[in-house]
Amino acid sequence: MHSGIVSIVGRPNVGKSSLLNALVGRKVSIVSHKPQTTRHRIQGVVNREGGQIVFVDTPGLHRRETRKLNRVMNEQAAASLYDIDLIVFVVEANRWTEEDAAVLQRLEGLGTPVGLVVNKIDRIADKAALLPELQKLTAMRDYAFVVPLSALKRNNVDALLGELFQRLPEGPPLYPEDQIVGYDDAFLVAELVREKLTRNLHQELPYSLTVGVESYEREGRLDRVEAVIWVEREGQKKIVIGEDGETLKQVGTSARRELERLLGRKVFLKLWCRVRENWSDDLKALKQFGLTGE
Ligand SMILES: Nc1nc2c(ncn2[C@@H]2O[C@H](COP(=O)(O)OP(=O)(O)OP(=O)(O)O)[C@@H](O)[C@H]2O)c(=O)[nH]1
Ligand SMILES: [Mg+2]
């Protein structure tokens, strides 16, 4: 048996969380079209006959640290580069940016093998264009392996698992086989609510909100959850709630539906919206909201 820990890193929006979900075969980490969606290290476990891989999805490493939230997100991602067996560096096909170059630079001299994943190949209509793209990317560094894939279409994802299992040390599984995620149901609720908000709200607002679960009670096959959406200003609260509470209702319904599917239980979800001025730039608030990784 081979087993080990593999960190998935890269700049925001390249598809790291989508890749984790594709690898695990279920929704473990939230996904949106907006960069900087993931804020925590998210663990997902894959078990195969040949062993076990513990994947760690990370916040996208980014350059502009406009608020303290950005700094702690970068710190979380950077911390995932240590005490692990392998790094999967995810980039987008045909979209190499300065931010990718900055991540590549961070991977220098770590002593941990780095494999390259070129994601979103479903966007390349002309497959002949893929080869020069791969040649360009692999010329930049000595990668342990290169796998072009599509996390969205679940295309060639098994090839990545094959490359990883081959290179992981021999050893028994690190976690029991039925443990797929590294967090509790309350965290899942908070994340799914934040995902729906991120997908529903425009522009910058998703960066000004966070979600905290206030109470979680289990009554037979029903989970009763109360969660608070924290925003930074009164005006934002109005937008989150929407006219006649319509936006909040939509968000609540879609989060609840997905939760019920994932948990296999009925869920009663009550959402509130409250203001905590400038929380994203306030280290004390970040700590209270569980965003500092401590
Ligand atoms: N076409 C295409 N889109 C993809 C693929 N993988 C991910 N996406 C899309 O890319 C966007 C970002 O995906 P995420 O998985 O949230 O990216 P991420 O790297 O985790 O982003 P952060 O958490 O913000 O760092 C979403 O709109 C995904 O649907 C892919 O293989 N093909
Ligand atoms: Mg992500």
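The values are calculated or read from the model by the stated rules, or taken from the named source; none is laboratory data. Note that this is a predicted model, so its numbers are computed, not measured. Cβ placement follows ideal geometry from the backbone for every residue including glycine, while neighbour counts extend to all protein chains displayed. Side chains included, ligands, DNA and RNA excluded: accessible areas come from the protein's heavy atoms. Shrake-Rupley method; radii C 1.70, N 1.55, O 1.52, S 1.80 Å.
Some points to look at:
- Cα-projected label distance for Met140 with Glu98, points at 7 Å along beta-carbon direction, nm: 1.4 nm
- In the complete set of protein chains, residue-level accessible area for Arg48 is approximately 110 Å², probe 1.4 angstrom.
- Extension gain for Arg261 to Gln288 (0.36 nm times residue separation, less C-alpha to C-alpha distance): 6.8 nm.
- Taking θ as phi - 60° and the Karplus parameters 6.51, -1.76 and 1.60, the scalar couplings of region 33-47 work out to 6, 8, x, 6, 7, 6, 10, 10, 7, 10, 9, x, 10, 10, 10 Hz in sequence order, x denoting glycine and proline.
- Dipole magnitude for the chain: about 700 debye, using +1 per Lys or Arg Cβ and -1 per Asp or Glu Cβ, origin at the Cα centre.
- Residue (of Ala151, Leu174, Gly111) at the positive-pole extreme of the chain, dipole from beta-carbon charges: Ala151
- For Glu92, the residues whose modelled amide H falls within less than 5 Å of its own, excluding neighbours fewer than 5 places apart on the same chain, are Asn119.
- Area accessible to solvent at Phe165, 1.4 Å probe radius, in Å²: 30 Å²
- Taking amide H positions as modeled 1.01 Å from N, with prolines and chain starts lacking one, the residues under 5 Å from Trp230 and 5 or more places away or on another chain are Thr210, Val211, Gly212, Arg274.
- Note on surface exposure: Ile121, Ile8 rank Ile121, Ile8 by accessible area, highest first, 1.4 Å probe.
- Accessible area (Å², per residue) of the chain, counting only protein heavy atoms and a probe of 1.4 Å: 48 Å²
- The chain: DSSP helices with Cα axial extent of at least 30 Å and average Kyte-Doolittle hydropathy no lower than 0.5: none
- When Trp272, Trp96, Trp230 are compared by accessible surface with a 1.4 Å probe, the order from highest to lowest is Trp272, Trp96, Trp230.
- Sites Glu234 and Tyr175 - FRET efficiency at Förster radius 45 Å, r taken between beta-carbons, to 0.05: 0.55
- Among residues other than Asp100 with Cβ under 14 Å from its Cβ, the summed charge is +3 (Lys and Arg +1, Asp and Glu -1).
- A Förster radius of 51 Å combined with the Cβ-Cβ distance from Glu219 to Asp126 puts the calculated FRET efficiency at roughly 0.35.
- Less than 5 angstrom separates the built amide H of Arg11 from those of Leu61, all sequence-distant by 5 or more or on a different chain.
- Per-residue SASA entry for Glu204, accessible area with 1.4 Å probe, Å² rounded to 10: 130 Å²
- Put Met73, Met1, Met140 in order of accessible area, highest first, and with a 1.4 Å probe you get Met1, Met140, Met73.
- Direction-averaged projected area, Cα convex hull, region 1-84: 5.4 nm², rounded to one decimal.
- In order through region 109-117: 3J(HN,Hα) via Karplus (6.51 cos²θ - 1.76 cosθ + 1.60), integer Hz, x for Gly, Pro: x, 7, x, 9, x, 10, x, 9, 10
- Electrostatic dipole magnitude of region 163-294 [Cβ: Lys, Arg +1; Asp, Glu -1; Cα centre; debye, to 20]: 420 debye
- Cα-Cα P(r), the chain, percent of pairs per 5 Å interval: 1, 5, 12, 15, 17, 16, 13, 10, 6, 3, 1, 0
- Ranking Phe165, Val24, Leu81 by Cα position along the charge dipole of region 2-167, where only Lys, Arg, Asp and Glu carry charges on their C-beta atoms, puts Val24 farthest toward the positive end.
- Ellipticity estimate at 222 nm from DSSP helix runs (n ≥ 4, -39,500 (n - 2.57)) divided over the chain, nearest 500: -10000 deg cm²/dmol
- If only the Cβ of Lys and Arg carry +1 and only the Cβ of Asp and Glu carry -1, the dipole of region 31-146 around its Cα centre is close to 500 debye.
- In region 2-167, the portion of solvent-accessible area held by carbon and sulfur atoms comes to 47 percent [1.4 Å probe, whole percent, DNA, RNA and ligands not counted].
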